[in-house]
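What follows is one structure encoded as structure tokens, with my remarks underneath.
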Amino acid sequence: MHAAEWIALASGVVALGAAGISVQQAWTASKSAKHSDRQAQAAEEQVRIAREQLRQAERVHREQLALAQRVHREQNEPYVVVDLAVDQPGTGLVALIVHNSGPTMARDVRIRFTPELESSLPQLTPRVRNALSRPISMLPPGRRLVYPFDTHQRWDAGNLPMEFDVTVDATGPAGPVEQLTYRIDLQVLAEALVGERPHQRIESSLGEIADKVEELASKYGQANSEAIRAEHRREREGREEREECQSSEGSNE
């Protein structure tokens with residue numbers, strides 16, 4: 001082969017080797033790029049997860065803060081309960097009772113009964129309705145307002161409502177209190193203490209005391225029977241001596 005041919009062949013070999021190196025470099029670069037892409041994607045996923053965890057932590061913190069604020073507020077709010085109940089067992093009187101069992105002052109207390117309250121005693125109906133027609137300007141903690149409403153005669157009337165839906169609105173130190181809505185069923189009182197005698201509890205207590213006294217007297221008599229008989233014997237002998245003396249004095253006269 002001529003020198004020119006050898007040079008051309010060598011150049012081709014060199015070119016082929018360079019091409020191979022270029023291909024190898026390109027493959028390596030492509031692989032490195034794919035690896036870099038995967039690393040970038042993994043980094044982006046970690047950033048996304050971190051952001052999601054941060055958002056979740058912030059949401060949980062907000063919810064916990066809101067719950068803590070709500071609990072604190074509710075613990076310091078008035079709690080006004082309205083009921084129809086026997087206020088003094090044995091009297092036979094059913095009363096409308098408004099009670100603030102919360103720790104703070106209740107203001108602007110508004111109460112609504114559905115249907116309207118109606119008593120079996122005509123003179124009491126306008127009284128309770130008038131009491132409910134205007135807001136209660138203030139109700140201190142522990143305060144109870146008691147209005148006479150009805151008697152056990154209501155259960156005999158048969159034409160008066162026994163179930164009522166009650167709505168209570170009030171304002172506390174931090175603003176309006178959550179509205180309270182519930183149902184009152186007077187049938188639960190039908191077999192309760194409405195018809196009890198006014199002094200039944202006192203009579204029961206006195207009866208228990210009498211039984212205890214009788215039991216103690218019996219035990220004392222059993223434990224001291226000999227001494228009691230001796231005392232009775234002395235009393236009898238003393239009485240007989242006095243009678244004999246009186247008889248003797250009468251004979252002498």
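Positive contributions from Lys and Arg (+1) and negative ones from Asp and Glu (-1), summed over other residues with Cβ under 12 Å from the Cβ of Ile184, come out at -3. Only protein atoms count toward the accessible area here, which uses a 1.4 Å probe; on region 122-168, the carbon and sulfur part of that area reaches 50 percent. Solvent-accessible surface of region 112-155, taken per residue with a 1.4 Å probe and all protein chains present: 59 Å². Measuring only protein heavy atoms, the 1.4 Å probe finds Glu214 accessible over about 130 Å². By the gyration tensor of its Cα atoms, with a ≥ b ≥ c the square roots of the eigenvalues, what is the shape of region 93-154: rounded for a/c under 1.5, prolate for a/b over b/c, or oblate? Because a/c hits 1.5 or more and a/b exceeds b/c, region 93-154 counts as prolate. Each Lys or Arg adds one and each Asp or Glu takes one away; over the other residues whose Cβ falls under 9 Å from the Cβ of Ala95, this sums to -3. Heavy-atom accessible area, probed at 1.4 angstrom with all protein chains present, ranks Met138, Met162, Met105 as Met138, Met105, Met162, highest first.
Using a cutoff of 8 angstrom between alpha carbon atoms and counting only pairs six or more residues apart, the relative contact order for region 86-184 works out to 36 percent. Arg59 contributes an accessible area of around 100 Å² to the protein surface, as traced by a 1.4 Å probe with all chains present.
Note on Met138 and Leu160: their simple-model spin labels are 3.5 nm apart, each label 7 Å out from Cα toward Cβ. Each of Ala57 and Thr125 was given a label point 7 Å from its Cα along the Cα-to-Cβ line. The distance between the two points is 6.7 nm.
The values are calculated or read from the model by the stated rules, or taken from the named source; none is laboratory data. Note that the structure is predicted; figures quoted are calculated from it, not measured. Please note: Cβ atoms are built from the backbone with ideal geometry, for glycine as well, and neighbour counts cover all protein chains shown. Heavy atoms of the whole protein, side chains included, go into the accessibility calculation; ligands, DNA and RNA do not. Shrake-Rupley method; radii C 1.70, N 1.55, O 1.52, S 1.80 Å.
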